[in-house]
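First up is the structure itself, then whatever we jot down about it.
The values are calculated or read from the model by the stated rules, or taken from the named source; none is laboratory data. Because the structure is a prediction, the values reported are computed rather than measured. Using ideal geometry, Cβ is built from the backbone for each residue, glycine included, and neighbour counts are taken over all protein chains shown.
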Amino acid sequence: MMLFSAIIIESVCAAVFWGKLDILTYNFPWAQISAHQWAGMYRPQFAGTYQVNYPPLMPTLLWPVGKLINHFGLSISAGSSLRLAISFLLIKGLGMLFQWLTAGFIYWKSKRPVWGLLLSGLILLNPSMWFNAAFWGQLDSALIFFIVVSFYYLKQERYYLASIWFALGCLTKLQFIYLVPIFGLELLSHVKWQKVLKLVGTIIGINLVGWLPFMINMKTIFLPLKVFGSGTTQYADIVENGFNFWAGALKARIWNKQLRTTDHLVGWLTYGHLNTLILVLIVLALCVWYWLVATKRVRAIGLEYVGAIYSGLIFFFTMLQHERYQLSMLAFIILLLLTSANKATLTNRDLSWYAVLTLATFINQAGFYLAVYLNMQPLRYVHLIRLGGIINTLIFLLMVGLFCFKEYRDGEKRRLA
């Protein structure tokens with residue numbers, strides 16, 4: 001009953017908070033476009049100024065919402081209070097639904113009902129996910145859901161199920177592309193290469209099926225690359241409001257220049273080139289880690305922590321990171337809580353990671369949203385993001401450092417025992 005009450009309260013919050021940031025220019029018109037011209041939603045003449053820059057699954061899932069909006073002439077800008085509340089609830093419903101599905105999945109896979117209730121309650125009452133879905137109307141809960149489900153089945157060695165869910169995740173959010181290396185390396189570490197090829201083929205096949213109607217309508221097989229490219233060109237600022245290293249490192253006077261990844265650092269070297277190099281180095285470090293584990297030079301740690309740290313390195317040290325992108329770390333820690341609870345090994349460290357990430361992602365999202373909503377002066381906003389970047393980066397480095405130290409100390413104790 002308590003969990004059901006949380007769902008009702010969240011729905012009420014979604015209906016009565018009428019902030020339009022991003023909803024007016026993305027979710028709402030995308031729902032209308034999907035319902036009106038589904039296969040052609042990537043065509044500029046249908047999308048207009050609200051060009052769809054997501055993979056097709058989320059705009060497709062907005063199709064029934066768009067049908068209701070178009071049929072009843074609903075709007076988030078005009079109408080009676082009741083019609084406005086219904087409109088906001090409908091357009092925010094998909095994000096909240098994936099939050100509820102994540103909580104339901106955690107409860108379903110919990111081996112002990114009490115822990116299942118507690119963990120699902122943590123997700124339903126998570127302030128960061130609440131703000132993202134019910135207040136802002138974003139869809140990042142879908143990213144969390146597909147990470148939790150796909151990597152859960154990967155840990156359970158149900159590789160085809162994991163690959164199917166991972167493929168659906170790739171059709172959901174562009175950020176899923178960051179997870180390809182860790183998913184692939186995990187497969188290579190546990191599965192013979194012949195089966196790996198079949199699993200990769202499954203992922204590619206599902207993505208081709210998902211994109212096919214739109215590629216046919218647009219008459220180009222390069223549509224996925226075009227959509228991915230539009231996302232990176234539309235948001236090309238070095239700092240995209242995420243509390244990361246770049247937000248903390250760049251001084252206000254540099255911020256005022258609005259540096260973009262296309263700007264030159266020295267000579268022919270652009271910030272985009274530097275960003276690519278950093279990303280390659282992070283992926284190479286991940287490959288080295290898996291090689292060290294495979295050759296028994298280091299002791300393996302849980303996939304959940306590997307995923308969280310890897311996602312954190314990308315969020316903190318690459319550019320183009322939005323205020324919501326640290327939520328991928330939270331997804332891996334949610335999976336960690338489930339795994340640890342099922343093994344009766346849940347520790348204060350696990351819970352502290354969950355608490356810190358919840359707080360950090362909530363403050364980052366709320367800080368950015370309120371700065372825009374309250375029309376904060378640019379200089380104050382810059383100082384807010386910079387302070388957040390410094391503190392958040394230092395906390396991340398401290399948490400990873402303490403984690404590595406404890407793993408090393410525990411390893412030494414086992415060696416000497």
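Give me a count of the residues in region 125-147 that are of a type outside the set (G, A, S), in a helix (DSSP H, G or I) and crowded, with 24+ Cβ neighbours inside 10 Å. Outline the logic, then answer.
Restricting attention to region 125-147, the residues satisfying the condition of being of a type outside the set (G, A, S) are 125-127, 129-132, 135-136, 138-140, 143-147.
Subset that is in a helix (DSSP H, G or I): 127, 129-132, 135, 140, 143-147.
From what's left, crowded, with 24+ Cβ neighbours inside 10 Å: 129, 132, 140, 143-147.
So the count comes out to 8.
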Exercise for review: Output the residues belonging to region 106-124 that are crowded, with 19+ Cβ neighbours inside 10 Å and in a helix (DSSP H, G or I).
Suggested key: I106, Y107, K109, W115, G116, L119, S120, I123, L124
Revision key, fill the gap. Residue pairs qualifying under the 6 Å Cβ cut-off, at least six apart or on distinct chains, with the first in region 352-375 being farther than 13 Å from F243 by Cα and the second being small (G, A, S) and crowded, with 19+ Cβ neighbours inside 10 Å, are T358/S128
Exercise for review: Kindly list, by first and then second residue, each pair from a residue in region 211-225 that is under 17 Å from Y54 (Cβ atoms) to a residue that is among the basic types (K, R), limited to pairs with Cβ atoms under 9 Å and residues at least 6 apart or on different chains.
Suggested key: N217/R43; M218/R43; M218/K226
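Grab the helices (runs of 4 or more DSSP H) fully contained in region 231-334, keeping just those with 1 or more residues being loosely packed, with under 13 Cβ neighbours inside 10 Å and over 19 Å from the mean Cα position of the chain (by Cα). If you could, list the steps in order and put the result at the bottom.
On the way: elements: 245-249, 252-255, 271-294, 303-317.
Qualifying helices (runs of 4 or more DSSP H): 252-255, 271-294.
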Practice item. Determine the pairs where a residue that is closer than 19 Å to N53 by Cβ, located within region 13-26, has a partner that is surrounded by 15 or more Cβ atoms within 10 Å (Cβ to Cβ) and among the charged types (D, E, K, R) with Cβ atoms under 8 Å apart, the partner being 6 or more residues away or on another chain. Key: I23/K92
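Scan region 58-98 for residues that are part of a loop (DSSP other than H, G, I, E, B) and touching a residue at least 12 places away in the same chain (Cβ under 8 Å) and report the count.
Pass one, region 58-98, residues part of a loop (DSSP other than H, G, I, E, B): 62, 73-80.
When the remaining residues are screened for being touching a residue at least 12 places away in the same chain (Cβ under 8 Å), the result is 62, 74-77.
So the count comes out to 5.
Picking from I301, I309, which residue would you name as being modelled with pLDDT under 95 and more than 21 Å from G116 (Cα to Cα)? Step through it out loud before you land on a result.
On the way: I309 fails: modelled with pLDDT under 95.
So the residue among I301, I309 that is modelled with pLDDT under 95 and more than 21 Å from G116 (Cα to Cα) is I301.
A quick yes/no check of all residues on (1) surrounded by fewer than 18 Cβ atoms within 10 Å (Cβ to Cβ); (2) at pLDDT below 90; (3) touching a helix residue (DSSP H, G or I) at 6+ places or on another chain (Cβ under 9 Å):
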{"site": "T25", "(1), (2), (3)": "yes, yes, no"}
{"site": "I33", "(1), (2), (3)": "no, no, yes"}
{"site": "R43", "(1), (2), (3)": "yes, yes, yes"}
{"site": "V52", "(1), (2), (3)": "no, yes, yes"}
{"site": "P56", "(1), (2), (3)": "no, no, yes"}
{"site": "L62", "(1), (2), (3)": "no, no, yes"}
{"site": "L68", "(1), (2), (3)": "yes, no, yes"}
